[in-house]
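Have a look at the structure below, then the notes.
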Amino acid sequence: MEAAIKVSGGGGTTESMDVLDQYSNSIEDVSCTTFNILAPIYKRLNGLNCESEFREYWLSRNEKILEGLLHRKSSIICIQEFWVGNEELVGMYERRLSDDGYATYKLARTNNRGDGLLIAVHRNHFQVLNYKELLFNDFGDRVAQLLHVELIMNFNQNKNFNIKKEALIVNTHLLFPHDSRYCFPRLQQVYKILQYIESYCEEYQLPHVPIILCGDWNGSKRGHVYKFLCTQGFVSSYDIAHHCTDSDEDACKWVSHRNHRGNICGVDFIWLCNPNNHRMPLKESFMKAVLGNIKNHLHDHGSYITYSQFLQTFSQLGLTSHPFNVLSTEEVKDLWDHVDTNGDGVIEYSLLNSEWKSQALSQQKENSDESKQRGTKGTVSNTSTTIGFKIKNAVLFPPEVEKGLWPENYSLSDHAHLTVEFSPVTIQCC
């Protein structure tokens, strides 16, 4: 599949378009699949025994999963709940993927949980420049993988095109929200990923690089993790491809998971952030996300809130102590200073709530205004040209989940798998 590179919605110059025309036969579309394959140590048979006790069951199911992944031929494959504790299963995946042209990387969760992550990139599409492992070291023993890759393009060797072709790919599996308190450590996990990406880009001098975040986010479009990522310039690839908005009506338009409680929801995402997407400062964005989560608890104190009540609320929720340890006392003080703008030590809840609402509406409007352009927009600058991605198509399997239904005859996993097709585009960055 070949795609001409063009700058959409950005007013490219004649010179830049001449350069782009010379790329048209050099670049292929790339695709990415994310899939939580339900580790056999967690899959229950008839609600009793684990599938891991019956080799013929887990082997047959994973052979079918592998066949499907290889048939789809995605450029990037991100797997969650990969049974890293079983050498036979690991060997089967690594051997089959390697034979089909993939470079593979696996990462176990901390404290010998038994499962972990696997990421595979096809050697025909990407060259791996670096691989990093992120250990959250939290009570959920969650981890993430980061791949720094370069897109392979067969340019005319006589031409010198100074275009950066690098990208970052992240694979992760966030904590399950067992109750409302778990919103905070989940936000912290995303914050750690984004902090690491920032520090990595600084260390390796990558000011402008597209980022693809894949995985099981264990939260829907209604959650604070979704909103937090939106403030950081990320868009949900499936929602962009299918013109879904952030409205309540579209929030349940598709699903990707039937959880252990029997609920169906959309939790599997492939997020894209192009280098020219607007981003709120990371720490400020995280503060707003935490405050948005805690505001209902602050209301319990009445119409006015003091710093001691503010700190007490975090303590009562267990966010400053074991097991959550989301924020230190110093970080809570930073949050307080952020909202106590006049420094008098008292905040009127009604004014604070109005501020939250206005911020939420402002962000919602921004998402609405830019949703059609994000993933495709180019800007003009003379400083550097880099590769970004245009979201071309996105598909969930089994197809019933795209209509918000869960098929009873689907047995590969308790998750659907999501595949997104991207067309590389050039982006001018400052």
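Quick notes on this structure:
- Taken over region 76-127, the criterion of being part of a helix (DSSP H, G or I) and in contact with a Gly (Cβ under 8 Å, 6 or more places away or on another chain) is satisfied by ASN112 alone.
- Which numbered condition GLU133 misses (of (1) touching a Lys or Arg at 6+ places or on another chain (Cβ under 9 Å); (2) free of Cβ contacts under 8 Å to residues at least 60 places away in the same chain; (3) in a strand (DSSP E or B)): (1)
- Considering residues of region 272-286 that are assigned to a helix (DSSP H, G or I) and surrounded by fewer than 18 Cβ atoms within 10 Å (Cβ to Cβ) only, the residue nearest to the chain's Cα centre (by Cα): LEU282
- Checking each residue in region 128-147 for being modelled with pLDDT of 95 or more, polar (S, T, N, Q) and surrounded by fewer than 20 Cβ atoms within 10 Å (Cβ to Cβ) picks out only ASN130.
- Residue match in region 83-93 (condition: at pLDDT 95 or above and in contact with a Cys (Cβ under 7 Å, 6 or more places away or on another chain)): no
- Residue count for region 295-309 under the criterion of being surrounded by 13 or more Cβ atoms within 10 Å (Cβ to Cβ) and modelled with pLDDT of 80 or more: the result is 4.
- Qualifying residue in region 184-205 (condition: surrounded by fewer than 15 Cβ atoms within 10 Å (Cβ to Cβ), touching a residue at least 12 places away in the same chain (Cβ under 8 Å) and in a loop (DSSP other than H, G, I, E, B)): yes
- Looking only at residues of region 42-58 that are at pLDDT 95 or above and surrounded by fewer than 15 Cβ atoms within 10 Å (Cβ to Cβ), we find that the one that is farthest from THR110 (Cα to Cα) is GLU56.
- Flag for LEU59 being in contact with a helix residue (DSSP H, G or I) (Cβ under 8 Å, 6 or more places away or on another chain), under 27 Å from SER411 (Cβ atoms), in a strand (DSSP E or B) and assigned by TED's automatic domain parsing to the domain that holds PRO424: no
Matching residues to (1) of a type outside the set (Asp, Glu); (2) part of a helix (DSSP H, G or I); (3) in the same structural domain as CYS78 (by TED's automatic domain parsing); (4) modelled with pLDDT of 85 or more:
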| residue | (1), (2), (3), (4) |
| --- | --- |
| HIS260 | yes, no, yes, no |
| LEU311 | yes, yes, no, yes |
| VAL326 | yes, no, no, no |
| LYS333 | yes, yes, no, yes |
| LEU352 | yes, yes, no, no |
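- Within region 340-350, restricting attention to residues that are surrounded by 14 or more Cβ atoms within 10 Å (Cβ to Cβ) and at pLDDT 80 or above, the residue that is farthest from the chain's Cα centre (by Cα) is ILE347.
- Residues that are in a loop (DSSP other than H, G, I, E, B), on the phi > 0 side of the Ramachandran plot, at pLDDT below 95 and small (Gly, Ala, Ser) do not occur anywhere in region 235-251.
- Number of positions in region 234-271 that are crowded, with 20+ Cβ neighbours inside 10 Å and either among the hydrophobic types (A, V, I, L, M, F, W, C) or farther than 26 Å from ASN409 by Cβ (or both): 13
- Residue match in region 211-225 (condition: part of a helix (DSSP H, G or I) and buried (at least 21 other Cβ atoms within 10 Å of the Cβ)): yes
- Neighbours by Cβ (under 6 Å, 6+ apart or cross-chain): first from region 318-338, in contact (Cβ under 8 Å) with a residue 12 or more places away in the chain; second β-branched (Val, Ile, Thr) and outside any helix (DSSP H, G or I): LEU319/VAL326; LEU327/THR320
- Annotation: THR104 fulfils all but one of (1) surrounded by fewer than 20 Cβ atoms within 10 Å (Cβ to Cβ); (2) of a type in the set (Val, Ile, Thr); (3) farther than 18 Å from THR33 by Cβ; the unmet one is (3).
- In region 39-68, the qualifying residues are those that are among the small types (Gly, Ala, Ser) and without any contact (Cβ under 8 Å) to a residue 24 or more places away in the chain, and the one that is farthest from ASP99 (Cα to Cα) is GLY47.
- Residue in region 12-25 that is out of contact with any helix residue (DSSP H, G or I) (no Cβ under 9 Å at 6 or more places or on another chain), assigned by TED's automatic domain parsing to the domain that holds ILE212 and modelled with pLDDT of 95 or more present: no
- Residue pairs whose Cβ atoms lie under 9 Å apart, sitting 6 or more positions apart in sequence or on different chains, and linking a residue in region 234-245 that is more than 16 Å from CYS273 (Cβ to Cβ) to a partner that is at pLDDT 95 or above and in a helix (DSSP H, G or I), are HIS242/GLU402; CYS244/TYR238; THR245/ASP239.
The values are calculated or read from the model by the stated rules, or taken from the named source; none is laboratory data. Keep in mind it's a predicted model, so treat the numbers as computed, not measured. Please note: Cβ atoms are built from the backbone with ideal geometry, for glycine as well, and neighbour counts cover all protein chains shown.
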